[in-house]
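Here's the structure we're looking at; comments come further down.
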Amino acid sequence: MTFTEWLRGRTDDQLRALVLARPELVAPVPAHLDGLATRAASPSAVGRALDRLDRFALALVEALAVLEEPLAVERLEEAVGAPPGRALARLRELALVYGPDEELRLAPGVRAVLDDPAGLGPPAVDVFRHHPPERLEEMADEIAPGTAGGGKERLAAALAEPGKLIEEVSPEARAALGQLTWGPPTGRVPNARREVTVATARSPIEELLARGLLAATGEESVTLPREVGLYLREGRVHRDVSPVPPALEGAARDQDLADRTAAGQAFELVRAVEELCERWSAEPPGVLRTGGLGVRDLKRTAGLLDLPEWTTALVVEVTHAAGLLAADGDWVPTSAYDLWRVRDTADRWVTLAGAWLRMDRVPGLIGERDDRDRLLNALHPDLRRTAAPGIRLAALRVLPPGLAPAAESVQARLAWEQPRRRAVLRDQLVEFTLREAEQVGVTGMGVLATHGRALVEGGDAAGALSPLLPQPVDHILLQADLTAVAPGPLTSELNRWLALSADVESKGGATVYRFTESSVRRALDAGHSADELLSTLARHSATPVPQPLSYLIGDVARRHGRIRVGTAGAYVRCDDPALLDQITADRRSAPLRLRRLAPTVIASRSSRAVLVDSLRAMGYAPVAESIDGDVVISRPDARRTEAPARPPAVPPTGLDPEVAVAAVRAMRAGDARRGPAEAPPGQVPRGPATATIAALQEAIRQGVRVWIGYLDSQGNATSRILEPARMEGGYLTAYDETRAAVHRFALHRITGVAELT
C-alpha cells in the first residue's frame, strides 16, 4: 500500500483531523488527495510536523527511520522499550506513519529530514560511498573472504552481522566503540584516512578502521556505521525514553492567595502603562538612529515610574506591543491610548497581557549585545525572536494549579515536549517568561493565576480578574504637613489632577503626595485658579483642607501672574514699580541685561522662555503674556500619533473546523474528477432570497451538492455546482466543482438554488 492509497482510504473525520493538526497542508487547498500526499511529504511540511512531536513520539519516528520496513508494532515496542500506544495514534493522525500494526511505515520524506536519528550514524553503504573502490575491495577481502559482489556491498553485508569482527578487536578498541554506542556517532582522530590493514593495525583505532567498524568521513573525523551501532545497542534504538513527561517540581501555594497577588500586580501594570503614556505625552523621548530607546531615557523613565530598569523596559515593550505607543519622530502614545484608558481596568489588563503573550519581542534581551557587539536597547528592532510567542505560551500551559515550579523543572518539561527546538534559546525564553509573567500579573508567587489561565486558554480573563481588583477611590486624606494620602488606587481623573497639582513622595499600600510651591504654580500655569484648586480639594478630601495648604495656595496665587513677560526681545510688565525696582537691583538679574523703559515695564534681550525661567529661579512667580496681553496657559500638549495595526487579542488557535470540512470535501471531489465539472444545461436557478438561504442551510446540514445561479462582478449570470461548507457574514464558503477550488460567494449575488438530479 502506498502513502497516497493509505490517505485515500482514510475517513473524512480522519482527514479533517489531519488538516486541523497540520493546517499548512491546506494553504491553499490541494486540488485532490494526490496533491495532499505530495505536500505532506515536502521537507518543510515534514519538519513542521516533527516540531510538534514530544520526545517519545519522536523516538518512535527515529526507530522506524533506522529499522528495516515494514515494522511490526511489537518490534517497535522492543526498540523503544515502551508500548507505542497513544503516541503511535498521534503519528498516524499527523500522517507521519501509515499502515496497519503489522506493517508500519514512515511517510515519504520523513527519513530525509532526520539527521543522525536516535544518535546512530548512516548505513555502511552510505558511510563508505566515497572511499576508493580498490581500498574497499582490500577491506572486503580481509573481513569477508570468498563472498561475491562489489567491495562496498561485501563490506556492508559483513557489517550487517558485526559480532565476529567485534570479538576480534582488543578490549581497548571495544571501549572506544562503547563511547560512540549511544551517540553522537562521530569522533575526531588524527589522520583518519590512513591506510591500514588488519595485520598492520597497531592502535585500537587502527583495529576498528581496518575492519570497517569505524569509517573515515574526513581527514580527522570518523563515524560509527549504523549496523554496528544497532548491534552494540542489543536491539534497542533508544537507551532511556519514557512515554510520560517529567513531573514538575516546585513549591505548593494557595491558589486564592496567588490569584490576589497576581491581580495586584496586574493593577500595577495598568497604572504603570497609564503613567508612562501620560509622561511621554508631554515629554516624549527621542527615537535613536537604530530605532530604539536611549539608555538615558530608560533610566529617567525608570525613576519617574519608581520601577527597576528591567521592569520599566518590560512596561515600555508591552505598551508598544499593545499598540499604545509608536514612533513619530519621538516615542509618543497613539490615538488608541485614549480609547484604552477609558475602559475598565480588567479589560485594559487583558489588552496588555494579551499583547505580551503574543508578541515576538523579547524584553529580557535588553542590555545584552548582539553578534556584532552592539548594545540591544529597549524598542530595538533586533529584539524579535519568532519562537518567543510559542515558547511563552507553552511554558504557561504546563503550569499546574497551586504549584510554583522551578525554572529548571519547566525547562525539562518543555525539553520533553519540544525536543527539536533549539535548547539554549528555549531555556532562555522560559526564564524570561516566568519572570515577566509575574510582573505582568499572569502569575502570582510563581503560580498561574485563574485569570492568567483564562488568558492562555482563550477564556474570559477579564471576568475572572474583575472581582479581584481593588476598587478605585475618589477621595484623599489631606494632612497639615502639606501632604495628601491616597488610601488606594485613585480614579483616573483624580489621579491625573493630583499628579498635576502635587508631587509623588512615596508609593506603597498608600501613595503620598506633597504640595509644594512649584507644584501649585504648575497647576496655576495650566489654567486653574486658586478657588478651583481649593474647591477640588474640598470635594475629594475626606478631611477638611488644612490651613497651611490653604495659605500655600493663596500665597502662590497672589504672587502668580503679578509679573508678566511678553515678547519684544522680551519684556517684563508689573503694576507694582517697587517690585520691578527689586528685580533690577538683584545681582542675579545681570545676565538678563534688563533695561527700564517705564515705571511698570522692563525690557530684556533674552527670549521670553529664558526670562520666565530665570525669574522663577530667582524666586518670583511670573507668567507668560501673549502679544495681545493675555496670559499664556502653559498646559503641556498631549502628543499623539496614529495607532499601528495590531494582531488579534487572542493567539491564533489554528484552522477553522468548518474550513477543514470544506477542504476535505474539495479534495474528495477533486479526487473523483480530475477536472472541473460541467454545470447542467438550461436556465440558471432563480428564487426568493429567503428560499435561497434556507436551501443553502439545508445543503450544509446534509452535506449535499447544489446547483446555483450566481452574478459575477459584471452582473452576468453564471451556473455553479457547489458543495456548501458554511455561511456567515453575508458569504457562503463552498467547494466550486465547476472551478475545482474552494471559494467564497456573496449571498446577495446568488440568484437561486436547485437540487442536482
>> Can you tell me which residue is modelled with the lowest pLDDT among those in segment 178-192 that are crowded, with 16+ Cβ neighbours inside 10 Å and under 12 Å from Leu209 (Cβ atoms)?
In response: Ala192
> What are the residue pairs meeting all of these: first residue in segment 183-205, first residue on the phi > 0 side of the Ramachandran plot, second residue of a type outside the set (Phe, Trp, Tyr), Cβ atoms under 6 Å, and 6 or more apart or on different chains?
Replying inline: Gly183/Gly119
> Which of the following residues is more than 19 Å from Arg348 (Cα to Cα) and in contact (Cβ under 8 Å) with a residue 12 or more places away in the chain: Ala437, Ala461, Ala499?
Replying inline: Ala499
>> Just checking: which of the strands (runs of 3 or more DSSP E) contained wholly in segment 562-609 hold 2 or more residues that are in contact (Cβ under 8 Å) with a residue 24 or more places away in the chain and surrounded by 14 or more Cβ atoms within 10 Å (Cβ to Cβ)?
In response: 563-566, 570-574, 601-604
> So is Leu165 surrounded by 21 or more Cβ atoms within 10 Å (Cβ to Cβ) and more than 45 Å from the chain's Cα centre (by Cα) or not?
Replying inline: yes
> Regarding Val442, is this residue in contact (Cβ under 8 Å) with a residue 60 or more places away in the chain, within 21 Å of Val273 (Cα to Cα), crowded, with 17+ Cβ neighbours inside 10 Å and not basic (Lys, Arg)?
Replying inline: yes
> Among the listed residues Ala158, Ala201, Ala247, which satisfies the condition of being of a type in the set (Gly, Ala, Ser), modelled with pLDDT under 90 and part of a loop (DSSP other than H, G, I, E, B)?
Replying inline: Ala201
>> Anything in segment 161-198 that is among the small types (Gly, Ala, Ser) and either assigned to a loop (DSSP other than H, G, I, E, B) or farther than 22 Å from Asp116 by Cα (or both)? List them, or say none.
In response: Gly163, Ser170, Ala173, Gly183, Ala192
>> Can you tell me how many residues within segment 1-11 are modelled with pLDDT under 90, more than 12 Å from Ala40 (Cα to Cα) and assigned to a helix (DSSP H, G or I)?
In response: 2
>> I need the full set of residues from segment 551-561 which are surrounded by 13 or more Cβ atoms within 10 Å (Cβ to Cβ) and free of Cβ contacts under 8 Å to residues at least 40 places away in the same chain, in order please.
In response: Ile553, Gly554, Asp555, Ala557
> Which helices (runs of 4 or more DSSP H) sit wholly inside segment 14-123 and have at least 3 residues that are more than 24 Å from Ala672 (Cβ to Cβ), among the small types (Gly, Ala, Ser) and out of contact with any Asp or Glu (no Cβ under 6 Å at 6 or more places or on another chain)?
Replying inline: 43-51, 55-66, 85-93
> For residues in segment 494-524 being farther than 15 Å from His560 by Cβ and among the β-branched types (Val, Ile, Thr), which is surrounded by the most Cβ atoms within 10 Å (Cβ to Cβ)?
Replying inline: Thr511
>> Looking only at segment 374-396, filter to residues that are assigned to a helix (DSSP H, G or I) and small (Gly, Ala, Ser); which one of those is surrounded by the most Cβ atoms within 10 Å (Cβ to Cβ)?
In response: Ala395
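Residue-by-condition table, conditions (1) of a type in the set (Val, Ile, Thr); (2) touching a Ser or Thr at 6+ places or on another chain (Cβ under 6 Å); (3) more than 21 Å from Ala388 (Cβ to Cβ):
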position: Arg271; (1), (2), (3): no, no, yes
position: Trp280; (1), (2), (3): no, no, yes
position: Pro285; (1), (2), (3): no, no, yes
position: Gly292; (1), (2), (3): no, no, no
position: Ala302; (1), (2), (3): no, yes, yes
position: Glu309; (1), (2), (3): no, no, no
position: Thr312; (1), (2), (3): yes, yes, no
> Restricting attention to segment 525-534, which residues are surrounded by 14 or more Cβ atoms within 10 Å (Cβ to Cβ) and modelled with pLDDT of 85 or more?
Replying inline: His528, Ala530, Leu533, Leu534
>> Six or more apart or on different chains, Cβ atoms under 7 Å: show the pairs whose first residue is in segment 384-403 and closer than 17 Å to Val318 by Cα and in contact (Cβ under 8 Å) with a residue 60 or more places away in the chain and whose second is buried (at least 16 other Cβ atoms within 10 Å of the Cβ) and β-branched (Val, Ile, Thr).
In response: Leu393/Val456
>> I need the full set of residues from segment 264-322 which are in contact (Cβ under 8 Å) with a residue 40 or more places away in the chain, of a type in the set (Val, Ile, Thr) and in contact with a Phe, Trp or Tyr (Cβ under 9 Å, 6 or more places away or on another chain), in order please.
In response: Val270, Val273, Val287, Val316, Val318, Thr319
> Within the group Leu15, Leu76, which residue is modelled with pLDDT of 90 or more and either under 30 Å from Gly390 (Cα atoms) or under 29 Å from the mean Cα position of the chain (by Cα) (or both)?
Replying inline: Leu15
> Can you name the number of the only condition in (1) out of contact with any strand residue (DSSP E or B) (no Cβ under 8 Å at 6 or more places or on another chain); (2) assigned to a helix (DSSP H, G or I); (3) not charged (D, E, K, R) that Leu213 fails?
Replying inline: (2)
> Quick one: would you say Leu537 is part of a helix (DSSP H, G or I) and crowded, with 20+ Cβ neighbours inside 10 Å?
Replying inline: yes
> Just for segment 334-363: of the residues that are over 25 Å from Ala282 (Cα atoms) and over 13 Å from the mean Cα position of the chain (by Cα), which one is surrounded by the fewest Cβ atoms within 10 Å (Cβ to Cβ)?
Replying inline: Asp347
>> Restricting to segment 137-152, count the residues that are surrounded by 20 or more Cβ atoms within 10 Å (Cβ to Cβ) and either touching a residue at least 40 places away in the same chain (Cβ under 8 Å) or of a type in the set (S, T, N, Q) (or both).
In response: 2
> Among the numbered criteria (1) under 19 Å from Pro381 (Cβ atoms); (2) among the aliphatic types (A, V, I, L, M); (3) in a helix (DSSP H, G or I), which single criterion is violated by Val332?
Replying inline: (3)
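The values are calculated or read from the model by the stated rules, or taken from the named source; none is laboratory data. These numbers were taken from a predicted model, which means no experiment stands behind them. Counting neighbours? That spans all protein chains shown, and the Cβs are built from the backbone with ideal geometry, glycine included.
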